[in-house]
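All remarks here apply to the structure that follows.
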Amino acid sequence: MTATRLLQRQILPVDRDFDVLALYVDPEDARLDADKYEIGGSRAAKDLNNAAIRQSTATGHTIHPDQIESRTALRVKSGDRLSFGTYFNAFPASYWRRWTVVKDVTLTVTVAGRGATLLVYKSMAKGHSQRVASAGTGAESRSTFSFDLSLKPFVDGGWYWYDIIAGDDDVVVESAEWTAEVPEDRAEHGTVDIAITTMNRPDFCAKLLGQLGDDQEVRPYLDTVFVMEQGTDKVVDSPDFAKAQGALGDLLRVIDQGNLGGSGGYARGQLESIRKGTATYTMMMDDDIVCEPEGVIRAITFADLARRPTIVGGHMFNIYSRSRLHSFGEIVQPWRFWWQSPFDTYSDWDLAGRNLRSSRWLHKRIDVDFNGWFMCLVPRRVLEEIGLSLPLFIKWDDSEFGLRAKAAGYPTVTFPGAAVWHVPWTDKNDGLDWQAYFHQRNRFIAALLHSPYPKGGRMIRESRNHQISHLVSMQYSTVEIRHQALLDVLAGPDKLHEMLPNRLAEINAIRKRFTDAQLEVDPDAFPAIRRKKPPRKGRDGTEIPGRLSLLLSAGLQPLRQLKPPRELSQENPEAEVRAMDAKWYRLASYDSAVVSMNDGASAAFYRRDPQLFREQMVKTLEIHERLKREWPRLAEEYRAKLGEVTSPEAWEETFRPWTDGPDADD
């Protein structure tokens, strides 16, 4: 027995947001870029092709927001052609083909207007498109067309989509639905507990809650919306909260607890979800995002029909430039054990500049190791089997969980058409500030648990080299907290829960001892730029050096750091260096500098200190040698304790001060 299940429907932007129109409907032609296999292996040819791929193909042709008649209906003006081969409205056939029980789909489109032509296309993994069906309204004022479409040809990639051409009259595409016949036991949709961790972003969080509460299509899918409140500026005090609370009603539950970071917040949501036991899924979601509510429905639908329990993640778009796709998926490169976009993909892709149909690489199915917890749906069954988040505070909790799930046989799919808008990582200082401690510690913990290579592959050597680059850059606070991170790794897994509430304050106390971590927002807080001798030949250091120059600099700069600083440099900075130019090879040439931060809000006074350089260099070498010696023992210890550390029982003990004390949630 089978039943008909709605997989995806045509949608248009909420509030007619002009900045995101390109993600929903496309008036531009398709101009597919060159195939890399036709380009060949010549470096010059590949460089030229990569540059061409990044070039915009947009002509500036657009639609007027008033053409959006409703959440599902769009007016096409007489004589115009529009394509729904877009991020939110094309059908990601290859993902359904690979990961779900669906074998065939039916596209049903309702069109109002005489003389309209509807064209249905598919693409192959190489990006080439083929027309597979067409229909016209003729003299009819309103018509509904259905097309039965097979998923068989989509093993490696490909999409379905449709274009509409208006004739002598305007045409309204009233609706379009992708449906499938599914087993009867898959006919009903699952429900989700949404777990939102928030800290001092009350307005952002309240507006997100309002988005979820106001969308009547999403509401039947919601079991509970948990907000883990970990800040002092409370979401309940936001002027937008009352409306959101009224919309969500009994579905909303705000839980107050101490600042346990993202992992502590999400773990609380996971724990509450499995203890409650009524929702099919738990979805982790950031507090500072703008959500496309339809993505929640699509993620649940995809997970409902997956061949096996599957983690379903959404994509992240840039909240400041809203047509830009930050990444099309994430993997952990095993030799370096560092997260990155999969090979053959491009980050920061502007879909308003080069549309889906023109971007060859977007037609391959991209398989991932994990999905960021800015939007990530996890079956409750998976949480019950493999445990909750590691107590890492922030960083690597989501990626480690994805690797752990993958090892247990539960894949992660980053699913096109489910997405949020979020601040991109490139606008943060997390490689230098207090977050550098968590990057370093948690990456090594994850590698000890999951690296397939002895001693973590390249990790130890790369970490040592990064320490040296921070040292020659006068970033002594970053070096010191990264040292502490490795010492905490060497201490083993037993204290991870114990450290969770207090480690951030302790790390910030360490950083405050160093001038490079003492940030000022007022430019006049720093002394004037002065140096006794001008730069050699007036060079300003902004040129990007070649490979040979970089190698020479890497070898010689540590020796230069042992020399006494130049006269005046300890009282007056020798230069101002913008965040974008603050590369190690530039900073290493100065004895002091005022360096701005990536967020553009502050700067710090860096000063070279030969004595501190010597001490930290010795410590760097000693700690990394110790880590190399003890890696086998540590890996065995961390892996043996993983189940205990991530168990609900361990997390319940960590949460006890807020569940049994005066601040306990009612």
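The values are calculated or read from the model by the stated rules, or taken from the named source; none is laboratory data. Note that the coordinates shown come from a computational prediction; the quantities given were computed from them, not determined experimentally. Virtual Cβ from ideal backbone geometry, glycine too; neighbours counted across all protein chains shown.
Structure above, values below:
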{"quantity": "Residue list for the range 188-244, restricted to those being of a type in the set (F, W, Y) and free of Cβ contacts under 8 Å to residues at least 40 places away in the same chain", "calculated": "F241"}
{"quantity": "Sole exception among (1) closer than 27 Å to D19 by Cα; (2) in contact (Cβ under 8 Å) with a residue 40 or more places away in the chain for R307, by number", "calculated": "(1)"}
{"quantity": "Test for R614: is it of a type in the set (K, R) and assigned by TED's automatic domain parsing to the domain that holds I460", "calculated": "yes"}
{"quantity": "Residues of the range 427-446 classified as touching an Asp or Glu at 6+ places or on another chain (Cβ under 8 Å) and of a type outside the set (G, A, S), total", "calculated": "7"}
{"quantity": "Residue match in the range 182-189 (condition: within 26 Å of P293 (Cα to Cα), among the basic types (K, R) and modelled with pLDDT of 95 or more)", "calculated": "yes"}
{"quantity": "Yes/no for S451 being small (G, A, S) and under 30 Å from P648 (Cα atoms)", "calculated": "yes"}
{"quantity": "Test: residue in the range 276-299 that is touching a residue at least 12 places away in the same chain (Cβ under 8 Å), among the aromatic types (F, W, Y) and under 21 Å from R404 (Cα atoms)", "calculated": "yes"}
{"quantity": "Subset of the range 155-195 (residues that are assigned to a loop (DSSP other than H, G, I, E, B) and touching a Phe, Trp or Tyr at 6+ places or on another chain (Cβ under 8 Å))", "calculated": "W159, H189, G190, T191"}
{"quantity": "Residues located in the range 216-266, provided they are buried (at least 18 other Cβ atoms within 10 Å of the Cβ) and in contact with a His (Cβ under 8 Å, 6 or more places away or on another chain)", "calculated": "Y221"}
{"quantity": "Which numbered condition Q340 fails, given (1) outside the structural domain of L388 (by TED's automatic domain parsing); (2) closer than 16 Å to P416 by Cα; (3) under 21 Å from the mean Cα position of the chain (by Cα); (4) not aromatic (F, W, Y)", "calculated": "(2)"}
{"quantity": "Flag if A139 is hydrophobic (A, V, I, L, M, F, W, C) and touching a strand residue (DSSP E or B) at 6+ places or on another chain (Cβ under 8 Å)", "calculated": "no"}
{"quantity": "Complete set of residues in the range 167-220 that are of a type in the set (A, V, I, L, M) and closer than 30 Å to G249 by Cα", "calculated": "A187, V192, I194, A195, I196, M199, A206, L208, L209, L212, V218"}
{"quantity": "Count of the range 478-532 residues which are assigned to a helix (DSSP H, G or I), of a type outside the set (A, V, I, L, M, F, W, C) and out of contact with any Leu (no Cβ under 6 Å at 6 or more places or on another chain)", "calculated": "18"}
{"quantity": "Residue in the range 1-26 that is farthest from T108 (Cα to Cα), counting only those that are out of contact with any helix residue (DSSP H, G or I) (no Cβ under 6 Å at 6 or more places or on another chain) and in a loop (DSSP other than H, G, I, E, B)", "calculated": "D17"}
{"quantity": "S553 vs. criteria surrounded by 15 or more Cβ atoms within 10 Å (Cβ to Cβ), in contact with a Phe, Trp or Tyr (Cβ under 7 Å, 6 or more places away or on another chain) and not assigned by TED's automatic domain parsing to the domain that holds M459", "calculated": "yes"}
{"quantity": "Q67 closer than 26 Å to R16 by Cα and not β-branched (V, I, T)", "calculated": "yes"}
{"quantity": "Among the residues listed as L271, L248, the single one being closer than 22 Å to D660 by Cα and in the same structural domain as D214 (by TED's automatic domain parsing)", "calculated": "L271"}
{"quantity": "Criterion (in contact (Cβ under 8 Å) with a residue 60 or more places away in the chain, more than 18 Å from S469 (Cα to Cα) and not β-branched (V, I, T)) met by exactly one of P558, P564, P523", "calculated": "P523"}
{"quantity": "Any hit, the range 353-369, residues being out of contact with any strand residue (DSSP E or B) (no Cβ under 6 Å at 6 or more places or on another chain), among the hydroxyl-bearing types (S, T, Y) and not assigned by TED's automatic domain parsing to the domain that holds G264", "calculated": "yes"}
{"quantity": "Residues located in the range 624-666, provided they are among the hydroxyl-bearing types (S, T, Y) and at pLDDT below 95", "calculated": "T659"}
